[in-house]
Every structure is written in C-alpha cells, then in structure tokens.
Amino acid sequence: MNVKWSKNNIVFIKDESVDFKKIDDPHIVEAYIPEEYNLKTSGKGLQLTKRNELRHPVGIVAARSLRYFSTNGEGFNIFRTRGMAVWWLRHIFNSFNWWKAYVVNAEGERKGMPMLYIGEKFGSATGHQDNEADIVISAFENDQCIVNPESKGGAIFAVGYSERGGLFNSPDMYGVKTIVGNKYKGAGVKVTNGITRNLRLMSVHALKNNGKEITEQNLCDEIKKMKVVVLDRPRHKKLINTLISLSVQIILVKDDDLTPTFAIIRGEVDLIIGVGGIPEAILSAIIIEKLGGEMSLRILPMEVALDERLSGSLSNWELFKKNEIDILRCFKIVKPGAENKGEVPWNTVWTSRDLAKDCDMVFTASVIKKNPWIKFQDGEAVPGIEVDHQTGDITVHVIRIADNNMEIIPVIYTTVIKEYLKLYNKKNGENGRKRGELLLQLSRAYAEFGMFRDAKECLQRIKICGKQSNDLSKRCDSIYEYYEGLDALTNKPILIPEVVIKHFEKVCYLDKEDNAGLRSKNMIKRFYEYLGDKYYHNREHEKAITYYKEALKYSPHELKLYRKVNSIQMRNILGEYFNRIDRRFKEFGDKESIDWKRYKLGIALEVFYNNEKRFDLSSKEPWLIFFRRTVLHGEKPSYKLAILIKLLWLYKKLNQANNLELSKFLNKEFKISEEDINSIIKYRKIHERFQSIGELYYVNELSLEGISNLLLPQVRVESQNELEDADLPLSISFVEAMERRYKNILEELKEGYKEEAQEHTYAVAEAYHYVGLALHDIGDDEGTKIYYDMAIMKFREIIEKFEGITPVNAQFRIGNLYEELALLFEDEQIDYCNKAVDAYMCIIDEQRSTQLFGNIRELIPIRIQHANERVVFIKSEFFLG
C-alpha cells in the first residue's frame, strides 16, 4: 500500500517502482510523486510510456548534482558532475530488470568528457528479448550554470527512450539542423536551403495562412517579426551576420542546444538553426514528434562543422575523413551511391520522424537550475533543485513527454539525513561514542548532497561529545580535511592546483587505508587528469603530459592515462599517417582496394620509422602502440589480440631460435618465401637481435608481401564474445562498466545456468586480457601481471559457476594466458610454462576433467586435442621435462 503525504496542497505517494537498495544508493531512501501522476503498467511488454521509473534516472542525477554546485567557474567541477552522472546512470539502468536497453547515442566523445559509450547495454542480461529499448543521453545542457552563478540560462539533464530501433543510432558527431513549430509545418524548411531561402519559405507560408498578399514588402515585414535561435559560436558568424542584415530578431544562446525546442512548440520562437550535437538533435526530435513541429538534420564532417568557411558550401559537406567514414560505416551510414541493403547515404536529410520514430517513446529531463526555456502552463519558469536543510528532502522538477503530452512534476527524494537526525536526537544522553558514530554518518550524508558546512559542523560536534576513541578522532580529522578540500573545490577561487590538492594530500597522509584516503587519492588523480585534458585542448602539450604523469602516480596502471600521454607524443605521426591514408583513399575513388591493409601497413611503417628519432616516447614498445592505433584501427578486439599474440611469438623466435628453427617457423606459420627468410637471417647476423618487431622494416631485401605476412599474419581468433558486437573503446573505464553489468547478471543467476551470462563473463575476462597486454607495450609490467591475473580469476569464475562447454573453453584460455605470460616475462618463464601445462592437463586428464566439468568428455574431443597440442608445443619450445 502506498504511503501518502501532502506538501503545498499536493498529495504525494511513495513511488514503488524504484528500489534504491538495488541501485546501491546508501543515501537516497525513497522517492515520492504526486498521486495524480502515478503511472501503472498493464500486463507484459516494454510499456515505456507507462513507467514511473523512467523519471528517476534524470531525477537522481539532478539530486546528486547538488554536491557539485560551485561558485568558482572551474571546469573540473563539470568534469566531476559528468563522471557522477555516468556512474549513477549505469547503476540505475542496470537496476531495471524488466528491460534490455542499448545506448544508441550519447554526448561526450566530441568533448572528451566522461560518457556512456554508444553500444553499452543495460538491464536484464538473461531475458526479456521482447523488451528491448533504445536510450539517447544528452548529458548536461548548459553545464556552465552549475559551476558559474554568472552564467545565463539554466541547466537541465535529459534522456530519451524508445522501443528498440526507434531512436537514431549514430556516432556522437556534429550535424546542421533546422527546427520550426507547427506554424511553419509544411513550409519546406530544411538544412540544405540557405538561411535566406528558409526565412522566405517561412514568410510565404505565414502570409498564405493569414490570407495576406505575397509581396516583397510583406515578405520582408514578416521576416523582421521572426525570432531565430542560434548557438553563439565562431562557426555561426556568417549566419548571424546574414540574420542581422535581414533584421531578424536573433536570440544567441551559449550552450542551450536542446531546451529552445520547448519555446518552438509554444510558438515563442520561430526557427532554431545551426550546427550542434546529434544526441541533442535526437532529443529535440522526440519533443517535436510528440508535441508538434518540423525538423531536418544532416551529419557534417568534424572539420567542416567547426569552420564556417567550409560549412558554407554544400560540396564540403561530403568531405569526411577516412576515420570518420570508418566510424559511420559501423552505423550503416555510407558514401552516397555505395549503399548496400540496410545502409543509408550520409547526405540524407533526416527528419524528426527519422530520428525518433513514432513508437513507444518518452522524453525525460530534470531541471537542475531554473531555465528560461522551460515553463509551466502559466508561463512561470520551472525552479531548479531545492534541498530542505532541516530534513534532507530534495525536490526535483522532472519533465516527461509521452503520448503527445508534457508533464512537469515535483519529485521528492527523501535521504538518510532525516533518519540519522531522528536517531541522534533519540540517543541524547547516551554515551558519546554511539552519538559520535551517528554524527559521523550524518556528516557523510550532508556532504553527499553538497552541505559541506553542516558536514563539518557534525565532525566538530563529535570532538565535544567526549569519550571518543583515538581511531574515531583520527577518522574525523581526515574526513574533515577531505570536506575542506571539497568545499575549497566548489566555493573558493582556484588560483593554482596546489591550493586544492594540498587538502586531499593531507587526507592521504592521515588516512592511507580508509575510504576518505582512497577517495582523496582518486580526487587528486582526477584533478591532474582534468588539468592534462585542459592543457591538451589548449595545445600546451608539455604541460598536459606533465599533469597526466602526475595523475599516473596516483593510478599507476590506468590504460586511459597512458593512452593520453601516447596521443600527445605521437600526435604528429598519427596526424601524418591519417592524412596520407585520406589521400590514398581518395586516389582509390573512396574505396578500399583488395590490398588495403597492406597499404595501411606500408604507410604506417614509413611514417613511424622515418620519424622515429625525431620524437621521444615513454613506452616500451612504441611501434606496437602506433601499430594498434593505425593499422589495427577499427578492428575487433579479439582480432587485435590474436594478431598481437602471434607477434609475441614471432619476436621470441627472431631473437632466440637458431637459423634452421627460424626458417621452419617463418615458412610454416607465416608462409614466408625462402628469399625473404634469408634476408631476415642475414640482417639478424649483422645486428645480432631485433629491438622491436617493427624493425623488420629495416630488412632491405624483405618484400612488401613478406613484411605484410609477418606483421599482419593469418590468425585463429580464440575468443569471440560480447565485445565483438560493441564498437567501443577498450579502456579501464569500459572494463568497469562491464563489471557493473556483470554484477547485475549475477543477481539474475540465482537459479541456474544462463548462456548469455557466461558470454558476458567471458567478455569481462577478455577485456582484462586486452588491458594487460596493452600495459605491457607501454612498459607497465606490474599492471600487466595484475590484469592478466584478473582475467584468469574471471575465467575461473566461469568454471566454478557454470556448466557445459564454456567452462572448458575458459580453462583452455587460462592455459593460453599463462603461455603469453611466459613470453612476456623471461625471468619467470619456467614457472608460467608449468602453470600453462597444468591448466591444459585439467582438460586432458580424464579424472581432473570430470571433476571440474562433469561427464562431458564426449562433447569436447577437439578441445582435448588442442590442449594436447599445446602441452607438446610448450615442452618442446621451452625445454620442459
């Protein structure tokens, strides 16, 4: 039975659709919604338009953003806020076990900000095949308002949903768009018209509807009455000047790419035009489809989108770079005239119906700070988040558009603050220690929602409670310093990084192992990373590298940070490579030739080794890192792994095998001709050893076919899994996202075996494997071992928890990983080889196999054969007894 209570003459009921325990939120307890807006689903099915719970992803993120409100204007707080949103969205979306949802578009990649990855999956992993949904996330609209009180406008957080296939699936790119309201529907406004033509079409349409004569003077007068919204960007300078010359009423906005759509549907604005993000355009399309109006959009190349000199000509709208073409192809968007079944040309002019098909579809947004574009029916602006300092209750106004209606309702989130205050007052007069522990919990709850003064006051009260242990006093000291750092970060001017960092460094010193110490360490890492990003975007590359390296001191095995350093160090040669690839692609008529991979390899080798001595790289295997980011760019993760592992074996043989062994190996495994083999042996005799696998480039007599066979060999992919279908950047943050999804799966697996869950666990293991191998190339041996161990542990989980053939394959992969470790670490080679043999023997030996996997030997004869082959190979290769 729902609990009811009243506030401001509105009767609220508890929303039973959201479970904060399942979300893992220890600080928000319950949600209350106005009774008249309580939705109910009927029977089975997705029923997105009938679900209360879809209000809460935007509502909870808004409530959580209180912690990041600041007065210093520092962009780091935007970085933190977006990171928070990503964290909670993953938890919330995965707590909905009634759906399987896919992110089909999300803002973030263009700006290098924390984001949900396009292709991420949420919700039920083991069922609900008919309950599949699309998600589009715009993140924070006008996020400067959160950190700068002087910033005009207001901030919102928006997410859109539809049944599967309803929302436009594309990369996070720029597009040029036009949006008009119902008044101009059918006027013929679209992005491929010039601005003057669009305004004249609108003017003609309005005159006809009003029964007025179409004269030049009437057209001009009509245009002068129009209100046009344009983003205030350098790329729109010519557009703005044209609008000024036509005497149009221009409304320039700083970051409001989405919210002016609300003014369009109210008829307060006539046209929105210009270049903006596609995720925001899709959300605008939902609003238009549900509430009226008309929209057009066309995708633009990045370089063209940001330069009005280029975007002013329609012919330039075709100038996509080769890497953009590859990305678009993943979304079945291709060059005009080259479409196959199911593909569309990139010169398509998409309408709102194309971007947001009329199906089970919902738009949601929360108002974080009052926004002039979002109003109640009486014209009053909707207020931002409000927190009651006495009770800890947080009120968030949530917008929901579904079934051709828009509602704006207050959602009240109750927090543990109220509960802790009640308990604290009850224990008045009891011993100081119990009250001290309660005050500590209360302080954490206050800080969670940005009430740092209240949080620090609680800690000071602990000190005067008396009878506190030394341990509690020390914890209070470290937590107080942590809150001081947060307070400084949000409410004081940041002149130099050290001003903020000193607080968190002090906490690390006071409290090395406790939560506050670990969180402080992470805060320092994130701050340095943010500064690195800031200087990188300002093209101050040396400063950027300095800050990234500082961040690595606090997170020494984070692949993402290493990649950022490598990106700067390799920026010139990466740019040269992709420019040459673009030119070669154009020479081939925008088609990939049969030998395209060979061309890519040849260009990569030339660019790298012709510039090798001109740049300084901090990694162990710079060629392999460059090779991954160029020749293997866009390939599937398991294919990359298979190639790189075969190159490990090749490197070992080049340096350790005698001439006869090397000759047999190159001929059998790589199909190398006798002439090319002799050239390699001759080079090795002169230079004694190969310093890198890429050094094969210096073997002068080696043919292009030979070097291609060596560096791009034929491989057998051992492990295909969920990663193969998700064209995502593999980084540690992605591994964390997969782990969160895996935890959700475990909750669904309380009863028995599910095949898809095994596949997902496999994917997590291979993600660890990928990161481990990448860390080796960078030179982080400790990180390599850590991530290989994590991969092995994840494969062991499969063996322990599941049945069938998948655990056998997992055991085989454990053997593979130990073999790789033997290659990577010569000093521990024998130990790793023995572990590999033991892993394979668990498959070969009938008694051990039956004990581990049950009576399924008749189903795995090929895997037993493969395991036998690996044991024979290891014993002969590494001279094991």
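The values are calculated or read from the model by the stated rules, or taken from the named source; none is laboratory data. Note that the structure is predicted; figures quoted are calculated from it, not measured. Cβ coordinates were reconstructed from backbone atoms using ideal geometry, including for glycine residues, and neighbour counts include every protein chain displayed.
Summary table below
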item: Failed condition for K322, given (1) surrounded by fewer than 19 Cβ atoms within 10 Å (Cβ to Cβ); (2) outside the structural domain of P57 (by TED's automatic domain parsing); result: (1)
item: Which listed residue, of E529, E542, E498, E550, is at pLDDT below 80, in a helix (DSSP H, G or I) and over 26 Å from G436 (Cβ atoms); result: E498
item: Any pair with Cβ under 6 angstrom, 6 or more apart, that starts in segment 813-842 at a residue that is among the polar types (S, T, N, Q) and ends at one that is crowded, with 19+ Cβ neighbours inside 10 Å; result: Q829/A822
item: Residue within segment 260-274 that is farther than 19 Å from N198 by Cα, surrounded by fewer than 19 Cβ atoms within 10 Å (Cβ to Cβ) and of a type outside the set (F, W, Y) present; result: yes
item: Meets criteria (of a type in the set (F, W, Y), under 27 Å from A867 (Cβ atoms) and modelled with pLDDT under 85) for Y788; result: no
item: Members of segment 157-175 found to be among the hydrophobic types (A, V, I, L, M, F, W, C) and modelled with pLDDT under 95, listed by number; result: M173
item: Single match in S245, S203 (criterion: among the polar types (S, T, N, Q), surrounded by 15 or more Cβ atoms within 10 Å (Cβ to Cβ) and within 47 Å of the chain's Cα centre (by Cα)); result: S203
item: Members of segment 294-309 found to be surrounded by fewer than 16 Cβ atoms within 10 Å (Cβ to Cβ) and among the acidic types (D, E), listed by number; result: E303, D307
item: Filter result (within 15 Å of I282 (Cα to Cα), among the aromatic types (F, W, Y) and not in a strand (DSSP E or B)) within segment 117-166; result: none
item: Sole residue being closer than 21 Å to F76 by Cα, surrounded by 14 or more Cβ atoms within 10 Å (Cβ to Cβ) and within 24 Å of the chain's Cα centre (by Cα), chosen from K534, K543; result: K534
item: Tally, over segment 839-864, of residues that are in a helix (DSSP H, G or I) and loosely packed, with under 15 Cβ neighbours inside 10 Å; result: 9
item: Qualifying positions in segment 683-697 - surrounded by fewer than 14 Cβ atoms within 10 Å (Cβ to Cβ) and either among the charged types (D, E, K, R) or touching a residue at least 12 places away in the same chain (Cβ under 8 Å) (or both); result: K685, E688, R689
item: Subset tally (residues that are outside any strand (DSSP E or B) and surrounded by 17 or more Cβ atoms within 10 Å (Cβ to Cβ)) for segment 386-410; result: 2
item: Residues that are at pLDDT below 95 and either among the basic types (K, R) or closer than 30 Å to R51 by Cβ (or both), drawn from segment 333-362; result: K335, K341, K357, D358, C359, D360
item: Qualifying residue in segment 714-733 (condition: surrounded by 16 or more Cβ atoms within 10 Å (Cβ to Cβ), at pLDDT 90 or above and in contact with a helix residue (DSSP H, G or I) (Cβ under 8 Å, 6 or more places away or on another chain)); result: no
item: Residue in segment 312-324 that is in a loop (DSSP other than H, G, I, E, B), in contact with a Phe, Trp or Tyr (Cβ under 8 Å, 6 or more places away or on another chain) and more than 29 Å from F363 (Cβ to Cβ) present; result: yes
item: Pick from segment 432-481, criterion within 21 Å of C508 (Cα to Cα) and among the hydroxyl-bearing types (S, T, Y), ranking: modelled with the lowest pLDDT; result: S469
item: Complete set of residues in segment 810-828 that are surrounded by 15 or more Cβ atoms within 10 Å (Cβ to Cβ) and farther than 14 Å from F795 by Cα; result: E819, E820, L821, A822, L823, L824, F825
item: Residue in segment 616-631 that is at pLDDT 90 or above, under 15 Å from N709 (Cα atoms) and not in a helix (DSSP H, G or I) present; result: yes
item: Verdict on E53 being in a helix (DSSP H, G or I), within 17 Å of T364 (Cα to Cα) and among the acidic types (D, E); result: yes
item: Residue selected from segment 62-81 under the condition hydroxyl-bearing (S, T, Y) and assigned to a helix (DSSP H, G or I), by the criterion surrounded by the fewest Cβ atoms within 10 Å (Cβ to Cβ); result: Y68
item: Residue list for segment 582-600, filter: hydrophobic (A, V, I, L, M, F, W, C) and part of a loop (DSSP other than H, G, I, E, B); result: F588, I594
item: Matching residues, segment 287-316, being touching a residue at least 40 places away in the same chain (Cβ under 8 Å) and hydrophobic (A, V, I, L, M, F, W, C); result: I287, I288, L291, M295, L297, I299, L300, M302, A305, L306, L314
item: Number of positions in segment 859-878 that are touching a Cys at 6+ places or on another chain (Cβ under 7 Å) and among the hydroxyl-bearing types (S, T, Y); result: 0
item: Filter result for C359 (in contact (Cβ under 8 Å) with a residue 60 or more places away in the chain, within 30 Å of I408 (Cβ to Cβ) and either surrounded by fewer than 18 Cβ atoms within 10 Å (Cβ to Cβ) or more than 27 Å from the chain's Cα centre (by Cα) (or both)); result: yes
item: Residue that is farthest from R400 (Cα to Cα), among those in segment 332-385 that are of a type in the set (V, I, T) and in a loop (DSSP other than H, G, I, E, B); result: T348
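This table checks each residue for (1) closer than 14 Å to I412 by Cβ; (2) of a type outside the set (S, T, N, Q); (3) surrounded by 15 or more Cβ atoms within 10 Å (Cβ to Cβ); (4) touching a Cys at 6+ places or on another chain (Cβ under 7 Å).
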{"position": "I10", "(1), (2), (3), (4)": "yes, yes, yes, no"}
{"position": "V18", "(1), (2), (3), (4)": "yes, yes, yes, no"}
{"position": "D25", "(1), (2), (3), (4)": "no, yes, yes, no"}
{"position": "E36", "(1), (2), (3), (4)": "no, yes, no, no"}
{"position": "L39", "(1), (2), (3), (4)": "no, yes, yes, no"}
{"position": "G45", "(1), (2), (3), (4)": "no, yes, no, no"}
{"position": "P57", "(1), (2), (3), (4)": "no, yes, yes, no"}
